[in-house]
Amino acid sequence: MRIRIKFSKTGSLKYIGHLDVMRFFQKAIRRAGFDVVYSEGFSPHMLMSFAQPLGVGVTSGGEYFDLDIKSADISVRMKEMLNAQMPEEIRVLEIVKIPEDKANKCMTLVAAADYEISFDGIDNERFEKDFKDFMSQDEINIVKKTKKNEVLTDIKPMIYYFGFDKGRLELRLSSGSVNNLKPQLVISAFGGFAGIDTESLKVRIHRKELYAKTEDGFVPLYRMGEEII
């Protein structure tokens, strides 16, 4: 059986890197007594995979990993068992059962991500006007670094949505292994356009959700499964 676990990561734990989060969950899962499937060989490890590693310094309310288990309790009780092993800054939000084929792995499904971005020390009205002007361009070209070279890339098609809520910028960006657009790149491109030194601003980035792309549009990853009852 394969389950998908959605969790939040907030507060000071935003400074903990992806590998440490993975090791943290491995220990929490063992303490919670989950009946986990391990790989074979000389160095067995839990069969788990994370959707999209979160950058250091970014908080989130929509992180995911898939875990193979031999048997399961109901979703509510499993969530309680895991949360009992963790601090308040990491909380399990959803546990659902998902199909076990490769096409349904969360790392394969990720197609988009929602972000909430806030700044200190800027005029909100001017910021909103400038960002709308920024998005009104036919193209938004940036130099994107790859493992081998640098490529001039138009990132506008990768920005699926933008809006504003109480001075905060809301973005839905392309995510995943093919076209992955980090919010930091959008902020940097906007700064160059508006003549703002964004590196000198205090910027807070919060990832709200990760999505799969279906015939019905973007769907949160936990809705690709069903609650265990």
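Is it the case that GLY62 is modelled with pLDDT of 95 or more, open to solvent by less than 40 Å² (accessible area, probe 1.4 Å) and either of a type outside the set (Phe, Trp, Tyr) or on the phi > 0 side of the Ramachandran plot (or both)?
Numbers: modelled with pLDDT of 95 or more: yes; open to solvent by less than 40 Å² (accessible area, probe 1.4 Å): yes; either of a type outside the set (Phe, Trp, Tyr) or on the phi > 0 side of the Ramachandran plot (or both): yes.
Answer is yes for this residue.
Would you point out the residue of the range 146-164, among those that are under 21 Å from the mean Cα position of the chain (by Cα) and assigned to a strand (DSSP E or B), that is farthest from ALA113 (Cα to Cα)?
Residues of the range 146-164 under 21 Å from the mean Cα position of the chain (by Cα): 146, 155-164.
Then keep just the ones that are assigned to a strand (DSSP E or B); that gives 159-164.
Values: ILE159: 10, TYR160: 10, TYR161: 10, PHE162: 12, GLY163: 14, PHE164: 16 Å.
Among those residues, the one meeting the criterion is PHE164.
Kindly indicate which of PRO99, PRO87, PRO53 is touching a residue at least 60 places away in the same chain (Cβ under 8 Å), out of contact with any strand residue (DSSP E or B) (no Cβ under 8 Å at 6 or more places or on another chain) and open to solvent by 20 Å² or more (accessible area, probe 1.4 Å).
Answer to the selection: PRO87.
Output the residues belonging to the range 66-114 that are more than 20 Å from the chain's Cα centre (by Cα), among the hydroxyl-bearing types (Ser, Thr, Tyr) and either on the phi > 0 side of the Ramachandran plot or not in a loop (DSSP other than H, G, I, E, B) (or both).
SER75
Name the residue that is farthest from the chain's Cα centre (by Cα), counting only residues in the range 165-197 that are part of a helix (DSSP H, G or I) and free of Cβ contacts under 8 Å to residues at least 40 places away in the same chain.
In the first step, residues of the range 165-197 are kept if they are part of a helix (DSSP H, G or I); the result is 183-194.
Now narrow it down to the ones that are free of Cβ contacts under 8 Å to residues at least 40 places away in the same chain: 186, 191-192.
On the way: VAL186: 16, GLY191: 23, GLY192: 26 Å.
Applying the filter and picking the extreme gives GLY192.
Being surrounded by 17 or more Cβ atoms within 10 Å (Cβ to Cβ) and either β-branched (Val, Ile, Thr) or in contact with a strand residue (DSSP E or B) (Cβ under 8 Å, 6 or more places away or on another chain) (or both) is the filter; apply it to the range 123-138 and report the residue that is nearest to LEU173 (Cα to Cα).
PHE131
Within the range 211-222, how many residues turn out to be surrounded by fewer than 16 Cβ atoms within 10 Å (Cβ to Cβ) and without any contact (Cβ under 8 Å) to a residue 12 or more places away in the chain?
In the first step, residues of the range 211-222 are kept if they are surrounded by fewer than 16 Cβ atoms within 10 Å (Cβ to Cβ); the result is 213-217.
Next, from what is left, pick out any that are without any contact (Cβ under 8 Å) to a residue 12 or more places away in the chain: 214-217.
Counting residues in the range 211-222 that are surrounded by fewer than 16 Cβ atoms within 10 Å (Cβ to Cβ) and without any contact (Cβ under 8 Å) to a residue 12 or more places away in the chain gives 4.
Mind listing just one residue for me: the one in the range 198-208 that is open to solvent by 50 Å² or more (accessible area, probe 1.4 Å) and in a helix (DSSP H, G or I) and, of those, farthest from PHE134 (Cα to Cα)?
Ranking the candidates gives SER200 first.
Under 9 Å by Cβ, and 6 or more places apart or on different chains, what pairs join a residue from the range 10-32 that is aromatic (Phe, Trp, Tyr) with one that is open to solvent by 50 Å² or more (accessible area, probe 1.4 Å)?
TYR15/VAL56; PHE24/ILE16
Filter the range 159-188 down to the residues that are open to solvent by 20 Å² or more (accessible area, probe 1.4 Å) and among the hydrophobic types (A, V, I, L, M, F, W, C), then identify the one that is nearest to VAL56 (Cα to Cα). Steps first, please.
Step one: list which residues in the range 159-188 are open to solvent by 20 Å² or more (accessible area, probe 1.4 Å), which gives 160-162, 164-166, 168, 170, 172, 177-180, 182, 184-185, 188.
Retained after the next criterion (residues that are among the hydrophobic types (A, V, I, L, M, F, W, C)): 162, 164, 178, 185.
Numbers: PHE162: 23, PHE164: 24, VAL178: 21, LEU185: 15 Å.
Across the range 159-188, the extreme among qualifying residues is LEU185.
I'm trying to understand the selection: among the residues of the range 35-45, which are closer than 22 Å to LYS102 by Cβ and either buried (at least 19 other Cβ atoms within 10 Å of the Cβ) or in contact (Cβ under 8 Å) with a residue 24 or more places away in the chain (or both)? Walk me through how you get there before you give the answer.
First, pick out the residues of the range 35-45 that are closer than 22 Å to LYS102 by Cβ: 36-41, 44-45.
Within the range 35-45, VAL36, VAL37 qualify.
The conditions are (1) in contact with a Pro (Cβ under 8 Å, 6 or more places away or on another chain); (2) in a helix (DSSP H, G or I), and ILE117 fails exactly one of them. Which is it?
Failed condition: (2).
The values are calculated or read from the model by the stated rules, or taken from the named source; none is laboratory data. Bear in mind the structure is a predicted one, so any value in this text is a computation, not a measurement. Every residue, glycine among them, receives a Cβ derived from its backbone with ideal geometry; neighbour counts consider all protein chains shown. Please note that ligands, DNA and RNA were not included when accessible areas were found on the heavy atoms of the full protein model with its side chains. Shrake-Rupley method; radii C 1.70, N 1.55, O 1.52, S 1.80 Å.
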